[in-house]
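See below for the structure under consideration.
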Amino acid sequence: MKFLLKSASYIFHPIWMPFAGAFLYFLVTPRFFPKEVIEAKLLAISIMTIFIPVVFFFMLKTLGKVRSHFLTEVKERKWPLLFYALLNIIIMKYVLDMFDYPELYYFFLGIFISTLLGLMLVISRLKISLHMMGLAGTTIFLILLSLHFSLNLIYTISFFIAIIGLTASSRLYYNAHSTSELLWGLLLGMFPQLAVAILWL
């Protein structure tokens, strides 16, 4: 059980969630996209949301600005969140077109808003769970996709809800977050996605 709880924090790290949302979108959408286009978009998104942030993290670690990839200290989160917000702007401007990929575009707009809200709380010295923020945002996006395209994604959505519970238990077990910090993370992940859904649902 301890192994399962510890693994959840790594496997469902928030850095994977934007790519997971994009991958699932192309997997379930009834819209037709050429295979080459899908591969190119997913590659670009993975570079912008995974590989570049990892390089940026190691740069910050070398400079002594962060100690752990979990960003346990509130002050460690400012620069990564700011940088991540800028990367989302680049994705929305150069990778995803609002008219060709409206659902995915607004998914990343929701991520951008969540990131900015998280940054504002960090500046206010309030810590939230980024794990919960990422998982909640992706889960809401899947629910909205199922409604928008009339898809039966009950098993996938149920899996993500179960993962939210497992990851929350993991963060509590290892004293990484308090219950209120987990709740704030859930809210900051959920509501921006619900807000931007008005523009595409």
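The values are calculated or read from the model by the stated rules, or taken from the named source; none is laboratory data. Only a predicted model underlies this, so the values are computations on that prediction, with no experimental measurement involved. Every residue, glycine among them, receives a Cβ derived from its backbone with ideal geometry; neighbour counts consider all protein chains shown.
See the values below:
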read-out	value
Options Leu86, Leu81: the member that is at pLDDT 95 or above, within 24 Å of Ala44 (Cα to Cα) and out of contact with any Pro (no Cβ under 8 Å at 6 or more places or on another chain)	Leu86
Which listed residue, of Thr62, Thr29, is over 24 Å from Ile163 (Cβ atoms) and of a type in the set (S, T, N, Q)	Thr62
Answer from Ser129, Ser114, Ser178 - the residue that is farther than 28 Å from Phe26 by Cα and not charged (D, E, K, R)	Ser178
Residue check, Lys41 surrounded by 13 or more Cβ atoms within 10 Å (Cβ to Cβ) and closer than 21 Å to Met120 by Cβ	no
Exclusive hit being basic (Lys, Arg) and buried (at least 17 other Cβ atoms within 10 Å of the Cβ), set Arg31, Arg77, Arg67	Arg77
Exclusive hit being at pLDDT below 95, under 11 Å from the mean Cα position of the chain (by Cα) and on the phi < 0 side of the Ramachandran plot, set Leu130, Leu166, Leu126	Leu130
Some residue of the stretch 86-94 being within 19 Å of the chain's Cα centre (by Cα), assigned to a loop (DSSP other than H, G, I, E, B) and crowded, with 18+ Cβ neighbours inside 10 Å	no
Which numbered condition Ser68 misses (of (1) of a type in the set (Ser, Thr, Tyr); (2) modelled with pLDDT under 95; (3) within 23 Å of Thr156 (Cβ to Cβ))	(3)
Tabulated pairs, the stretch 171-183, first under 14 Å from Leu4 (Cβ atoms) and touching a residue at least 24 places away in the same chain (Cβ under 8 Å), second surrounded by 13 or more Cβ atoms within 10 Å (Cβ to Cβ) and of a type in the set (Ser, Thr, Tyr), C-beta under 7 angstrom, 6+ apart or interchain	Arg171/Ser9; Arg171/Ser129
One residue from Arg67, Arg77 being of a type in the set (Lys, Arg), within 29 Å of Glu181 (Cα to Cα) and without any contact (Cβ under 8 Å) to a residue 40 or more places away in the chain	Arg67
Residue list for the stretch 97-114, restricted to those being buried (at least 24 other Cβ atoms within 10 Å of the Cβ) and among the β-branched types (Val, Ile, Thr)	Ile111
Residue among Leu82, Leu147 that is surrounded by fewer than 23 Cβ atoms within 10 Å (Cβ to Cβ) and in contact (Cβ under 8 Å) with a residue 40 or more places away in the chain	Leu147
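Yes or no, residue by residue, for (1) farther than 18 Å from Leu121 by Cα; (2) buried (at least 20 other Cβ atoms within 10 Å of the Cβ):
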position: Ser158; (1), (2): yes, no
position: Ile161; (1), (2): yes, no
position: Thr167; (1), (2): yes, yes
position: Glu181; (1), (2): no, no
position: Phe191; (1), (2): no, no
position: Ala195; (1), (2): yes, no
